[in-house]
Amino acid sequence: MKKITLYLLLSGFLTVNAQQKQPETGIIPTPQEISLKPGVFNLNKPVNIFTGEAADTSDLFAALQLQEELNNAQVMSMISTKIGKGYGIYLVNLSQVKQSKKAGDGLTGMSITGPEAYRLEISPSRIMLSANTSTGIFYGIQSLKQLIRMNYRSRTIPCLSINDWPGLKYRGWMVDVSRGPIPTLDFLKQQVSTMAEYKQNYLNLYIEHVFRLKSYPDIAPTDGITADDIMELQDYARRYHVELIGNQQCLGHMEHILEIPFYNGISDNGWNLNPGKEETYQFLGKMFAEEAPVYKSKLFNINCDETDALGSGKAAEYVESNGMETVYARHVNRVADTLKKYGKRTMMWGDIAVNHQRIIQSLPHDLIIISWGYDARPSFVDAIKPFKESGFDFMVAPGVSCWSQIYPDLHNAAVNIFNYVRDGAMLGTLGMMNTCWADDGENLSDYNWHGLAWGAEVSWKTPSPQQGDASGKELTDRLARFNHSFDLVFFGNQDMPVTNLLLAFDTLRQMPVRGVMSDNGFWSSMLEFYPENVDKETEMNNIPLEVDSRRLSEKLQMAKNTSLYHKDVLDYAIFAARR
């Protein structure tokens with residue numbers, strides 16, 4: 001009964017609009033401050049977009065995005081760098097206006113604090129968007145685009161005032177491109193442009209062996225990621241105010257490289273590199289010499305996670321004589337020193353250090369430690385405190401619970417992301433790295449947009465620093481509103497509760513059928529009969545599962561037919577229901 005109640009709460013069947021502290025606009029992520037005003041802005045007549053002559057190329061790009069949204073809503077529009085008057089949309093980049101010789105043109109906007117903040121004022125006669133930077137203009141336009149999208153039927157936008165800024169400095173995610181399908185450059189560009197709509201500002205591509213190195217051409221597959229790919233992607237991402245942060249695994253998770261006989265000399269146990277061999281650091285030096293300069297970001301993630309078996313192979317004597325903690329910290333310091341030559345600040349997963357806290361005192365002082373965990377525990381304070389108390393900058397890394405699953409566990413992800421970001425923000429995190437792993441190679445990235453957008457929601461407007469029932473209520477209320485907004489904004493569907501259908505996968509997961517939602521369960525041989533799989537009770541359990549899965553597939557197809565955007569994302573859900 002508790003599971004059913006949780007499902008009803010999280011999926012949005014229970015509405016909470018009557019007790020909101022501020023008006024709800026449906027914008028994802030929720031703005032920090034909103035106030036509604038009388039009247040509406042009419043979309044039934046042409047709407048000009050005025051940028052002023054001081055607008056730079058970044059502001060004009062954002063204006064083009066706004067014009068495209070208006071065109072999609074069948075609203076006539078034109079971008080003008082001339083100074084307009086009266087009815088229209090005014091974009092005011094305060095930094096550009098102040099530098100312009102024509103600052104007396106009346107586009108002075110309002111005082112705003114913060115480089116990513118914006119102010120949006122909608123009245124019946126005009127819309128005024130003000131920001132200190134092009135990033136703020138871009139984010140304000142994303143909010144305005146969503147308001148247009150949600151109100152295209154009424155052809156009016158409610159008058160309101162929004163004052164908005166991010167709760168966390170870094171808001172992004174890491175996608176595993178090494179153990180699942182290697183995404184094409186076009187696909188990665190699509191992901192960048194979509195994540196930017198929800199004000200995410202960085203992307204981290206998890207790399208083990210798929211970067212095509214000139215010095216070691218036998219490591220990556222032929223369809224691996226090249227330096228030219230990275231440069232093209234980050235130039236594209238910069239237009240969307242997304243930073244591409246470098247990433248290269250460099251201690252554990254090296255099995256794809258170490259299985260090649262040529263690299264046997266730098267292997268500890270087939271999983272970890274051998275930190276007792278100087279050849280290991282010669283290898284890493286050449287690798288970083290090719291990879292690090294390609295990334296313009298000052299941050300670089302060296303991973304170094306899940307190395308508990310360190311010293312169980314050829315490095316046994318070295319680790320035994322020096323101690324695992326010393327060896328691990330020495331390795332991180334050497335890699336960080338190498339990256340400093342390229343102007344990089346090192347990031348690293350924190351699991352080994354938090355479990356062996358003697359390591360922490362020997363790590364580079366400018367290291368950014370990433371605290372990670374993927375369960376739905378009520379508190380992550382204990383996982384974060386060791387890094388907070390030792391003075392390190394840190395990030396928190398929840399996950400979308402997609403790995404090894406036919407479809408992501410949306411309920412687990414929702415609680416995990418909310419609670420981790422809540423506790424991280426309370427303790428002073430630099431940001432959030434939402435994770436999409438592909439442990440068994442089957443993860444399809446378009447399964448994950450609900451969890452990714454939810455991460456955008458809570459990293460922009462961070463949860464209140466409270467625990468227990470009060471925090472649980474905030475989670476329930478916010479998620480219910482988010483799910484409704486996700487239908488409107490992401491799918492453009494005002495006719496069906498699409499997100500509730502996606503959450504229905506979790507009711508299938510609760511059925512007493514062995515391995516029903518796991519990839520392993522799906523791929524288990526039908527010819528391997530076990531008594532527990534063929535008794536009458538098991539047969540009866542499978543019957544409603546088949547019926548519910550078929551119905552879910554049919555309803556998802558109906559939702560696809562009535563959705564305006566991201567129809568292909570529902571193809572993946574339909575595929576999961578069929579599986």
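Quick notes on this structure:
- Among residues that are touching a strand residue (DSSP E or B) at 6+ places or on another chain (Cβ under 6 Å) and in contact (Cβ under 8 Å) with a residue 60 or more places away in the chain, Leu430 is included.
- Per-region count, the range 114-124, residues outside any strand (DSSP E or B) and touching a residue at least 40 places away in the same chain (Cβ under 8 Å): 5
- In the range 96-119, the count of residues that are closer than 30 Å to Asp495 by Cα, surrounded by 21 or more Cβ atoms within 10 Å (Cβ to Cβ) and modelled with pLDDT of 95 or more is zero.
- The criterion of being touching a residue at least 60 places away in the same chain (Cβ under 8 Å) and surrounded by fewer than 17 Cβ atoms within 10 Å (Cβ to Cβ) does not hold for Asp477.
- When residues of the range 309-351 are limited to those that are touching an Asp or Glu at 6+ places or on another chain (Cβ under 9 Å) and either polar (S, T, N, Q) or modelled with pLDDT under 95 (or both), the one surrounded by the fewest Cβ atoms within 10 Å (Cβ to Cβ): Ser312
- Among the residues of this structure, Lys37 does not count as one that is over 30 Å from Val415 (Cβ atoms), basic (Lys, Arg) and modelled with pLDDT under 95.
- Look at the range 541-556: where a residue is touching a residue at least 60 places away in the same chain (Cβ under 8 Å), no partner that is open to solvent by 80 Å² or more (accessible area, probe 1.4 Å) and among the small types (Gly, Ala, Ser) sits 6+ places away or on another chain with Cβ atoms under 6 Å.
- Only one entry of Ala376, Ala414, Ala425, Ala383 meets the criterion of being in contact (Cβ under 8 Å) with a residue 24 or more places away in the chain and crowded, with 24+ Cβ neighbours inside 10 Å, and that entry is Ala414.
- If you go through the range 263-318 and keep only what is polar (S, T, N, Q) and either free of Cβ contacts under 8 Å to residues at least 12 places away in the same chain or over 22 Å from Ile245 (Cα atoms) (or both), you end up with Asn264, Ser267, Asn269, Asn272, Asn274, Thr280, Gln282, Thr307, Ser312.
- Residues that are of a type in the set (A, V, I, L, M, F, W, C) and either in a helix (DSSP H, G or I) or at positive phi (or both), drawn from the range 258-314: Leu258, Phe262, Ile266, Phe283, Leu284, Met287, Phe288, Ala289, Ala292, Val294, Cys304
- Complete set of residues in the range 48-77 that are of a type outside the set (S, T, N, Q) and not in a helix (DSSP H, G or I): Ile49, Phe50, Gly52, Glu53, Ala54, Ala55, Asp56, Ala73, Val75, Met76
- Residue within the range 543-566 that is open to solvent by less than 40 Å² (accessible area, probe 1.4 Å), among the polar types (S, T, N, Q) and under 16 Å from Ile406 (Cα atoms) present: yes
- Residues in the range 299-308 that are of a type in the set (D, E, K, R) and within 30 Å of Asn201 (Cβ to Cβ) were compared, and the one that is least open to solvent (accessible area, probe 1.4 Å) is Asp305.
- Exclusive hit being in contact with a Ser or Thr (Cβ under 6 Å, 6 or more places away or on another chain) and open to solvent by 40 Å² or more (accessible area, probe 1.4 Å), set Glu259, Glu243, Glu278, Glu290: Glu243
- In this structure, Thr5 qualifies as at pLDDT below 95, of a type in the set (S, T, N, Q) and out of contact with any Pro (no Cβ under 8 Å at 6 or more places or on another chain).
- The numbered conditions (1) more than 22 Å from Gln142 (Cα to Cα); (2) in contact with a Cys (Cβ under 7 Å, 6 or more places away or on another chain) are all true for Trp173 except (1).
- Every condition in (1) closer than 25 Å to Arg171 by Cα; (2) open to solvent by 10 Å² or more (accessible area, probe 1.4 Å); (3) assigned to a helix (DSSP H, G or I) is met by Asp228 except one, and the failing one is (1).
- All positions within the range 451-473 that are of a type outside the set (Val, Ile, Thr) and open to solvent by less than 10 Å² (accessible area, probe 1.4 Å): Gly451, Leu452, Ala453, Trp454, Gly455, Ala456, Glu457, Ser459, Trp460, Pro463, Ser471
The values are calculated or read from the model by the stated rules, or taken from the named source; none is laboratory data. Not measured: the values here are computed from a predicted model. Neighbour counts run over all protein chains shown; Cβ positions are idealised from the backbone, glycine included. The protein model used for the area step is the full one, side chains on, heavy atoms only, and it has no ligands, DNA or RNA in it. Shrake-Rupley method; radii C 1.70, N 1.55, O 1.52, S 1.80 Å.
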